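Working notes, beginning with the structure itself.
Each value in this text was obtained by applying a stated rule to the coordinates, not by laboratory testing. Predicted, not measured: the structure shown is a model, and the values here were computed from it. Here the Cβ is made from the backbone with ideal geometry for all residues, glycine too, and neighbour counts use every protein chain on show.
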Amino acid sequence: MYKILEKEVFSPIIKQFVIEAPKVAKSCKAGQFIILRINEEGERIPLTIADYDREKGTITIVFQEVGKSTTQLGQMEAGDTIKDFVGPLGEPSHIEKFDGPVVVVGGGVGVAPVHPIARSLKEAGNHVIGIIGARNGDLLFWEGKMREACSELLVTTDDGSYVRKGFVTDVLKEVIEKHGKENIPLVLAIGPQPMMRAVSNLTKEYDLKTIVSLNALMVDGTGMCGCCRVSVGGTTKFVCVDGPEFDAHAVDWLELGRRGGIFRQEEQQAMEHHQCKCGSGCGGAK
Amino acid sequence: MTDEKKPKKEIKPTKNPMPAQDPMERARNFNEVALGYSEATVIDEAKRCLQCKKEPCRQGCPVEVEIPSFIKLVAEGDFAGAIARIKNKNALPAVCGRVCPQEAQCEKYCTLGKKYEPVGIGRIERFCADWELAHGVKTPEVAPATGKKVAIVGSGPAGLTCAADLAKKGHKVTVFEALHVAGGVLMYGIPEFRLPKAVVQAEVQNLRNLGVEIDVNSVVGKFTTVDELMEDGGFDAVFIGTGAGLPYFMNIPGENSCGVYSANEFLTRTNLMKAYKFPDCDTPIKLGRKVAVLGGGNVAMDAARTALRLGAEESWIVYRRSHEELPARKEEAEHAEEEGVKFALLTSPVEIISNEDGWVTGMKCIKYELGEPDASGRRRPVAIEGSEYLMEVDTVVVAIGQGPNPLVPRTTKGLELTKKGNIVADPETGATSKPGVFAGGDVVTGAATVILAMGAGRTAANSIHEYLSNK
Ligand SMILES: Cc1cc2nc3c(=O)[nH]c(=O)nc-3n(C[C@H](O)[C@H](O)[C@H](O)COP(=O)(O)OP(=O)(O)OC[C@H]3O[C@@H](n4cnc5c(N)ncnc54)[C@H](O)[C@@H]3O)c2cc1C
Ligand SMILES: Cc1cc2nc3c(=O)[nH]c(=O)nc-3n(C[C@H](O)[C@H](O)[C@H](O)COP(=O)(O)OP(=O)(O)OC[C@H]3O[C@@H](n4cnc5c(N)ncnc54)[C@H](O)[C@@H]3O)c2cc1C
Ligand code: SF4
Ligand code: SF4
Ligand code: FES
Ligand SMILES: [Mg+2]
């Protein structure tokens, strides 16, 4: 059993937990993820390690409620326990001292997973330009944490309700134009698939090396089931063990998107089943 | 006294049949197919045994279960005595009695089998194990603590057996398991209808009663490495029993289409994650009307039978060779056929076709004929030119085999591997190229059987005990 030590609510659908998991905290690195299972009936859901404290033995996760399991997770409170929590999984981000400014882009809930990578890159001596964005100001979180993790931080909202109006790709384009594409050794982007794809399309025009963290469907997360497979550069990779980070320009985005939607009908059914379980409007908390 | 001089005993030529669920009914539920003998039937079956002095049956059992003597006790109605006798050699009798390929092992060598049907050794073994589970399992004696610590990586039959034996010898044993439950393939692969998960968990509980600590949610190679376990973790020896869990694909076009599963994913969703109880359990599984399972082994049979239970209208085995060469156990193929699984033999897909949304709509297949025997002695399938045709299916399950998962081998210094990535271990001792590190089961042999994995776990336990005693 893994205890939720702290809960923070960033918006009605974005929440943060600090969870007691000393074994994971001891060895995890930026870019890795965990898989958790809420209870005995639960499915295994992957979430990126957004922060960790080796001394306290804790892992921070930030998640967006998109369906049954994440909604149920969001209904849990500090003091509650999660049945299973396994990690660190996946390969860590490749961290080195690059020649020139590195651009790190976080969109929506993707700000959380991008955070430890930005921090590690900066600790390795890089000049890290952070770009974070959300649909609106209310959905934006961790601006302060990101400001600390990056050398400079640029913030944008789709609707202009906070700082400025524009997509992260608009800001990225300005950064590339300002610094010159030949001076930027790496762009790293994490967020919803359409956002990562848009970043990928943009940087491809500039021929700028870009890494993305893929969120394929997963079951075990150890390379045993092959559910998470995706074509990268024409060969099949398992996102859970070969990734989750890949060269954005080599990813078969169409295939990834299609495979991510395999269970859409069932996911809807699960959500409906969850909400109406007791009929009291408890939202499925029982 | 020779057998001839015995008062002539009337021998029943056939095994007592195994009571089973009706095929048409069971093909739609996940309850166990074989229901097990009653007390009267098991005694009757035990009385068929001739008590041969040379014990040929024993030589067919990879762990040499004391077959004639446990059967004698059963015939006398002493089930407690019988199970104790079985457990001298076999740590997981409830499992082996159900899933051992007996026709190729103990029962193959049974004297009765020369003229009649062999004694139903597996069925009798299963009865004894179930009888014990129902009457409360006695925890065996544990030797005084030796102060030595052993880490077991993987909780399949190899790891569980190794752990049990070492714990009995007084060593402190910790099992690290990547998944959220212990049992390996017994939990995630072999379906509930062949091996109820409660039976496996009862065996796992016995292990806990011996004082073995089982750390689930622990992926070695990730949260720690084998080297770290020995250097910082204080473990004096390590046993690697991580199995053969890496699914192979055909590498044909269209294999990443929506609706194509590996057998591991298909069975894991169903067994481990209980997708057959969706939406009461959260993990979904999606099936079309017509399912094609590629491959002809036990795993393929399990997948094809599972597909029917999940509601497929048609479930097909698509296999390159003929019926005779099916690598699956005869009984499993028969069960599949009885339940309505269909066979497309001498057939293999060359491409998986999908619609504009990426969903499988069919397979381009090619027909084969049997040519000259190959190195394995089986006649080699040869593609018939121009025989391509379209097989309409909407779900494909790839069950063509598994290799060893590279997580542990890749992160362990100085571990000798084969070309296929299996760990090299001495079959006599389980010792690897790395001092203090032992290995056994599917990770060494490639995909094999439960009883062989157990045997390897036991062999390694003996060597580890010796290694620790001399250390
Ligand atoms: C490596 C990795 C890291 C991730 N990190 C984060 C994170 O830090 N924060 C966050 O909010 N989300 C993260 N996700 C996505 C998160 O796992 C899904 O949102 C979650 O599983 C949805 O579950 P659900 O039951 O609430 O939604 P559902 O309604 O079941 O699904 C909604 C959508 O989520 C995706 N999804 C569903 N099940 C899975 C699954 N088993 N594995 C992967 N994706 C699935 C599918 O695309 C699906 O259409 C990550 C995914 C991966 C693979
Ligand atoms: C569908 C199916 C049906 C089968 N049917 C039969 C049958 O009827 N009869 C029969 O005799 N045999 C059968 N087999 C074969 C048999 O199950 C295997 O030979 C046997 O389970 C091998 O045992 P093992 O202990 O070596 O490995 P496994 O049972 O594979 O167990 C390995 C365990 O190690 C864990 N692991 C892997 N990597 C790590 C890591 N890095 N850290 C921690 N843990 C890890 C895995 O999660 C797993 O739990 C079947 C196999 C399958 C897949
Ligand atoms: S363990 Fe398997 S092979 Fe040995 S006697 Fe039992 S059923 Fe037969
Ligand atoms: S060979 Fe058959 S008949 Fe003879 S002792 Fe063994 S089980 Fe009994
Ligand atoms: S999630 Fe099963 S192999 Fe990646
Ligand atoms: Mg879900």
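Computed values, structure above
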| item | result |
| --- | --- |
| Lysine pairs within segment A:2-89, Cα separation less than 12 Å, 8 or more sequence positions apart or different chains | 4 |
| Most to least packed among B:190-198, B:373-381, A:143-151, B:47-55 [average Cβ atoms within 10 Å] | B:190-198, A:143-151, B:47-55, B:373-381 |
| Other-chain or far-sequence residues with amide H under 5 Å of B:GLY170's (modelled H) | B:ALA143 |
| Per-residue mean of C-beta atoms belonging to partner chains within 10 Å, peptide B:282-289 | 6 |
| For q = 0.11, 0.14, 0.18, 0.21 Å⁻¹, Debye-computed log10 I/I(0) when each Cα of segment A:102-213 counts as one equal scatterer | -0.28, -0.47, -0.80, -1.11 |
| Highest average packing first - B:136-149, B:401-414, A:168-181, Cβ atoms within 10 Å | B:401-414, A:168-181, B:136-149 |
| Segment B:113-162: radius of gyration over Cα atoms, expressed as a fraction of 2.2 N^0.38 Å | 1.80 |
| From phi via Karplus (6.51, -1.76, 1.60), per-residue ³J(HN,Hα) for segment B:231-242 in Hz, x at Gly/Pro | 7, 9, x, x, 7, 7, 7, 10, 10, 9, x, 8 |
| Segment B:310-422, Cα convex hull volume normalised per residue, Å³ | 184 Å³ |
| Set of aspartates and glutamates with alpha-carbon distance to B:LYS342 below 12 Å, sequence-local pairs under 8 removed | B:GLU313, B:GLU314, B:GLU334 |
| Charge dipole magnitude, Cβ of K and R +1, D and E -1 - segment A:40-119, Cα centre, debye nearest 20 | 200 debye |
| For B:PHE239, distant residues with modelled amide H under 5 Å away | B:ALA151, B:ILE152, B:VAL153, B:PHE438 |
| Over chain B: helical MRE at 222 nm, DSSP H runs n ≥ 4 each giving -39500 (n - 2.57), nearest 500 | -8500 deg cm²/dmol |
| Cα centroid of segment A:150-223 to Cα centroid of segment A:77-99, whole Å | 21 Å |
| Nonlocal Lys pairs with alpha-carbon distance under 22 Å, segment A:102-213 (8 or more apart, or different chains) | 15 |
| The protein assembly as shown: C-alpha gyration tensor shape, a/c 1.5 cut-off, then a/b vs b/c | prolate |
| For segment B:257-270, 3J(HN,Hα) per residue [Karplus equation, 6.51 cos²θ - 1.76 cosθ + 1.60, θ = phi - 60°, Hz, x = Gly/Pro] | 5, 6, x, 9, 10, 7, 4, 4, 5, 4, 6, 5, 4, 6 |
| Rounded if a/c under 1.5, otherwise prolate or oblate - chain B, Cα gyration tensor axes | oblate |
| Unit Cα scatterers, Debye sum, segment A:2-89: log10 I(q)/I(0) for q = 0.11, 0.12, 0.20, 0.23 Å⁻¹ | -0.25, -0.30, -0.87, -1.17 |
| Distance violations [Cα-Cα > 27 Å] among B:LYS274/B:LYS364; B:LYS138/B:LYS172; B:LYS72/B:LYS115 | B:LYS274/B:LYS364 |
| Fewest-first ranking of B:THR429, B:THR347, using other Cβ atoms within 10 Å as the exposure measure | B:THR429, B:THR347 |
| Of A:GLN193, A:GLN275, A:GLN32, the one that fluctuates the most in a GNM where chain A has Cα springs shorter than 10 Å | A:GLN275 |
| Bins of 5 Å, starting at 0 and running to the largest distance - Cα pair percent for segment B:53-122 | 4, 18, 29, 27, 17, 5, 0 |
| Two-decimal ratio, segment B:134-258, of alpha-carbon radius of gyration to 2.2 N^0.38 Å | 1.22 |
| Computed over segment B:1-105, Kirkwood Rh from alpha-carbon pairs, angstrom | 15.5 Å |
| Size of charge dipole - chain A - debye, nearest 20, with Cβ of Lys, Arg +1 and Asp, Glu -1, no other charges | 180 debye |
| For B:ARG379, residues with placed amide H under 5 Å, excluding near neighbours | B:ASP374 |
